[in-house]
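Each value in this text was obtained by applying a stated rule to the coordinates, not by laboratory testing. What you are looking at is a predicted structure, and each value in this text was computed from that prediction instead of being measured. All Cβ positions, even for glycine, are placed from backbone atoms using ideal geometry, and neighbour counts span all protein chains on display.
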Amino acid sequence: MGTIKFILLVVFSAAVATGLIIWSGSKVSEVPAPSIYSISGKVTGAPGVTLVLTGPATATTTTAANGAFNFGGLPNGNYTITPSLPGYAFSQVSLVRTVSDADVAIPAFTADPATTTYSITGTTGIPGVTIALKGNENGGSVLTGAGGTYTFVGLVPGSYTIIPSRDGYSFSPNSLPVKIDTQNSTANFTATAKSG
């Protein structure tokens, strides 16, 4: 009996030490495991596409033979998913998705051969702004980083519209048209906090 009590004491002490169990006076409570979810999708049109995930967690993966990809073990938060493959442009150059207590499936990316692609860069002055890209060739969205900057890469020539948005802020201008011919472009915005 003494041996059993000793073993139980060792197991209990280890659980407390690792944080699996919290001892509070005479009350014992379990610590819930952190919620983790996944973002999954598919790329059509080309094999071996690299996908980069940025946000509360970061990761890089490559599409499987059928074009599928999956990022697992993700906590809640806003994420940006960006595909890349030399010599290809993508229908959605990147996508912002929010993980909120559930797995997320995103629309398929389509890869098309492109000999030359370009970029649009800019700033809003604040982080966490969703920048939407709309165009007749490419589309997508990204989040501005710590310095308020953003970049869309892998764009084919064409006409685009850049639209910033974030709750509690207005932007000047509220959108910008950008035409890409044979060079990279810039589109900057000024963010102003709304009163009240």
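Quick notes on this structure:
- Rounded Å value of the spacing that divides the Cα centres of the stretch 55-128 and the stretch 155-189: 19 Å
- Kirkwood's formula applied to the C-alpha pairs of the stretch 34-74 gives a hydrodynamic radius of 10.8 angstrom.
- Spherically averaged projected area in nm², based on the convex hull that wraps the Cα atoms of the stretch 45-144: 6.8 nm²
- Take the Cα of Thr110, step 7 Å toward its Cβ, do the same at Gln183, and the gap between the two points is 3.1 nm.
- Our analysis of the stretch 79-136 gives Rg over Rh at 1.00, with the two radii drawn from alpha carbon positions and Rh computed by the Kirkwood formula.
- A straight Cα-to-Cα reach below 16 Å connects Lys194 with the aspartates and glutamates Asp167, residues fewer than 8 places away in its own chain not being considered.
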